[in-house]
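The values are calculated or read from the model by the stated rules, or taken from the named source; none is laboratory data. All figures in this text were calculated on a predicted structure; none of them were measured in a lab. Note: ideal-geometry Cβ built from the backbone for every residue, glycine included; neighbour counts use all protein chains shown.
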Amino acid sequence: MPKNEGVQFKSSSIKIPRSSADLSLPFSHLPFCSQSLTSTLLRAKFSFTQFLDCLKHCRNPIKFGVPPPPLLCSSTLALTRPDGSTQSQPEVTQLKAAVTRARREDEERVLVSEVLVRNKDGEELERKDLEMEALAALKASRPNSALTVREVQEDVHRIIDSGYFSSCMPVAVDTRDGIRLVYQQFLDRRDDTLVLPPLPADRPCGVEFLVEPNQEFRGLVCEGANVLPSKFVEDSFRDGYGKVVNIRRLDEVIESINGWYMERGYFGMVSGVDLLSGGVLRLQMAEAEVNDISIRFLDRKTREPTVGKTKPETILRQLTTKKGQVYNLNQGRRDVETVLTMGIMEDVSIFPQPAGGLCSLGCGFYGKFDFCSSNMFALLPYIPDKGKVDLVMNVVERVSGGFSAGGGISSGITSGPLSGLIGSFAYSHRNLFGKNQKVNISLERGQIDSIFRINYTVPWIEGDDKRTQRSIMIQNSRTPGTLVHGDQRENGGLTIGRVTAGVEFSRPLRPKWSGTAGLTFQRAGVRDEKGDPVIKDVYSSPLTASGNTHDNMLLAKGECVYTGDLGSSMLVLSMEQGLPILPEWLSFNRVNARARTGVEVGPTNLLFSLSGGHVVGNFPPHEAFALGGTNSVRGYEEGAVGSGRSYVVGCGEISFPLFGPVDGALFADYGTDLGSGPSVPGDPAGARLKPGSGYGYGFGVRVESPLGPIRLEYAFNDKQAKRFHFAVGPRN
């Protein structure tokens, strides 16, 4: 979000100092009057009880200090009488005794003959609506009523809570001759004390509530707001322009501003409010800027600091949080997830602390705050150096490399349950040179097929600001040719050998979108069971496009992928173009599209998928689109529906929970080659009497596992044939 220089309805050259009171917790200054009411009301209670004591015993006056009122609001209780003189301050013991009597006489009542609301000068308020607001706030103070100290305190609190007044002082006046006196006449400016002369106890009194209304709101100055939108602040205060400042309404606005920060994860809040002359409000924002980011490696077993293998700059470049930015909790969460997706960290956490490691109270700061906790806002009042924080990222590294072995089932084998078994052996290193570069050498071997692959990946090319990834791959594979050229009579005797080398570049395009571009050279040929190269099958259909034992092709590839939230939807668009650099190299164009989306309806999940493609040009038959099988039309063997230049496959599936990690599923598939089978060189599908289209349906179970969902399915096709399907991972 772009920075702004604050919001200003009206500028003012008048500056007054802000309150120096420290904030112990965030938002503890709201409501504004809560800090001052307790002490001032206690003093008011003491003052009123002293007045009762004077009425009963005609004692000498007591004087006590009057502190200056706090910012924005105050409440004071002062009692006066028309005559008397000032005496010296009593001893501490006398004051303690007076306080004790005040508590004892708290419930004693005094007859009040009249209740009025006046300004601080004892005159009627200019605005009658404000006088009505103050009178409406009174509950106990009524003419010809007997009041206690507690009731007067509560009414003072109610007037302040109305939000329209910055101070309120009740004054008790002897009404014998109708003269009303205010406390300013007994305020000694030299020692700042208030003197209460003695009064006879047999006089009813009148009570004046001396109030000071707030100023009218005429302008706003917002300081320190770098990420807070000016329009949001303007809209929050616009309704109050030209009206008397209401503290309660101001409290609500400040809460909404603080809520804006918290909802968006920003480490910021309103730290101060000043009411300047001329009705100008000054808001001071506290936004914690990132001062420094450091990486701390922890031991996997002891969790003590250690020396890491990864270069710190490799981790830092992954973070979207940068120095000088206002720290954002949501952004910190995404940074943690990004570092985890590097694949080289076992645990990652972020801890913010005040810049320099010391809080404003002068003590060392060792508290650890989880990056996603709102308790972090408690740090704001104690952050020195103009609200800057240091971020410490604790990381625990995984084992970088090692050997692994495993097994699986090849989906292209249809001649028997055991012939599809494959074993694998691999060596991988996830953090080459400490730069998160990855190398993987793997070998997969079955009874028929085999794949040997070397892959080297740089997840983020140095010097690139677009997060571009580079992958270099060399592969030698041998796969069964039954998908296009096999049937039961041939017993899957043909194998397709490919030697491939290429380079690919991929990068994010925009949120949820990524793109890939690459160049691949491939040399492919077909061999029989004895390992001899062949160029035609038993139906005299050609096995290569060039007529030679091998086809050479240089393919330029482009792919665009969209991935929805949590993988609920996906869209893949890809294209390959054969580049005839040499006359014998193949030239063709192949496009492919796949889409998938899921919809939750109560406990069930509906999944729909659609895929299609087309190829034009001179291409080998084994590169045609094969239909039928576990990831195509279930109920058919792999490639048994047909093979063509074009195809469309659709699937609908309903899954529902059974127990624990096991889900049930009902599904239906349909696929067609759109009548393009005869256009494939040699028409291998027509020679094998494949229908070209078909559908299947059935049921199955899904079991969640670390490798992905394990799928076991039983399907029927439109030829009334039945077949089991087994697979690991989501349907392609």
*Taking V599 as the residue in question, decide whether it is more than 26 Å from S655 (Cβ to Cβ), in a strand (DSSP E or B) and β-branched (V, I, T).*
no
*Scan (1) surrounded by fewer than 19 Cβ atoms within 10 Å (Cβ to Cβ); (2) over 16 Å from the mean Cα position of the chain (by Cα); (3) at pLDDT below 95 for the single condition M342 breaks and write down its number.*
(1)
_Conditions (1) in contact with a strand residue (DSSP E or B) (Cβ under 6 Å, 6 or more places away or on another chain); (2) not in a loop (DSSP other than H, G, I, E, B); number of the one not met by S632_ = (2)
*Of all residues in the stretch 218-244, which are out of contact with any Ser or Thr (no Cβ under 8 Å at 6 or more places or on another chain), of a type in the set (G, A, S) and part of a helix (DSSP H, G or I)?*
S230
*Of the conditions (1) out of contact with any Pro (no Cβ under 8 Å at 6 or more places or on another chain); (2) at negative phi; (3) without any contact (Cβ under 8 Å) to a residue 40 or more places away in the chain, G578 fails just one. Which one is it?*
(3)
*Looking at the stretch 202-214, is at least one residue modelled with pLDDT of 90 or more, among the hydrophobic types (A, V, I, L, M, F, W, C) and surrounded by 14 or more Cβ atoms within 10 Å (Cβ to Cβ)?*
no
*Any chance G407 is closer than 30 Å to R296 by Cβ and either modelled with pLDDT under 95 or assigned to a loop (DSSP other than H, G, I, E, B) (or both)*: no
*Every residue from the stretch 222-244 that is crowded, with 17+ Cβ neighbours inside 10 Å and touching a residue at least 60 places away in the same chain (Cβ under 8 Å)*: C222, G224, A225, N226, V227, L228, V233, F237, V244
*Looking at (1) under 25 Å from V572 (Cβ atoms); (2) not in a loop (DSSP other than H, G, I, E, B), can you tell me which one V701 breaks?*
(1)
*State yes or no: is S514 touching a residue at least 12 places away in the same chain (Cβ under 8 Å), in contact with a His (Cβ under 8 Å, 6 or more places away or on another chain) and assigned by TED's automatic domain parsing to the domain that holds V648?*
no
*Top-ranked residue of the stretch 544-573 - restricted to ones that are among the small types (G, A, S) and either over 15 Å from R596 (Cα atoms) or not assigned by TED's automatic domain parsing to the domain that holds N589 (or both), ranked as surrounded by the most Cβ atoms within 10 Å (Cβ to Cβ)*: A545
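Every residue, every condition in (1) more than 38 Å from the chain's Cα centre (by Cα); (2) farther than 17 Å from V561 by Cα; (3) of a type in the set (A, V, I, L, M, F, W, C); (4) surrounded by fewer than 18 Cβ atoms within 10 Å (Cβ to Cβ), yes or no:
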| residue | (1), (2), (3), (4) |
| --- | --- |
| E576 | yes, no, no, no |
| L579 | yes, yes, yes, yes |
| P583 | yes, yes, no, yes |
| F588 | yes, yes, yes, no |
| R596 | no, no, no, no |
| T604 | no, yes, no, yes |
| L607 | no, yes, yes, no |
| G613 | yes, no, no, no |
| G617 | yes, yes, no, yes |
*Scan the stretch 106-119 and give yes if some residue there is modelled with pLDDT of 70 or more, touching a Cys at 6+ places or on another chain (Cβ under 9 Å) and farther than 30 Å from R249 by Cα, otherwise no.*
yes
_Breaking point among (1) of a type outside the set (G, A, S); (2) out of contact with any helix residue (DSSP H, G or I) (no Cβ under 6 Å at 6 or more places or on another chain); (3) closer than 26 Å to I461 by Cα, for L319_ = (2)
*Mind checking whether some residue in the stretch 456-472 is surrounded by fewer than 16 Cβ atoms within 10 Å (Cβ to Cβ) and in a strand (DSSP E or B)?*
yes
*Hey, among G612, G518, G531, which residue is in a strand (DSSP E or B) and more than 26 Å from Y670 (Cβ to Cβ)?*
G518
*Could you say whether any residue in the stretch 423-435 is touching a strand residue (DSSP E or B) at 6+ places or on another chain (Cβ under 6 Å), small (G, A, S), more than 30 Å from P312 (Cα to Cα) and exposed (fewer than 15 other Cβ atoms within 10 Å of the Cβ)?*
yes
_Just to be sure before I move on: is S540 at pLDDT 95 or above and among the small types (G, A, S) in the structure I sent?_
no
_Which pairs turn up if I take residues in the stretch 521-541 that are more than 25 Å from G686 (Cβ to Cβ) and look for partners that are of a type in the set (A, V, I, L, M) and outside any loop (DSSP other than H, G, I, E, B) with beta carbon separation below 7 Å, at least 6 apart in sequence or on another chain?_
F521/A501; F521/L554; Q522/M553; Q522/L555; R523/V499
*Answer yes if at least one residue in the stretch 703-713 is among the polar types (S, T, N, Q), within 20 Å of S609 (Cα to Cα) and free of Cβ contacts under 8 Å to residues at least 60 places away in the same chain, and no otherwise.*
no
*State which residue is surrounded by the most Cβ atoms within 10 Å (Cβ to Cβ) when the search covers only the stretch 693-712 and only residues that are of a type outside the set (A, V, I, L, M) and at pLDDT 95 or above.*
G696
*Would you point out which residue out of V348, V395 is in contact with a Gly (Cβ under 8 Å, 6 or more places away or on another chain), surrounded by 17 or more Cβ atoms within 10 Å (Cβ to Cβ) and at pLDDT 90 or above?*
V395
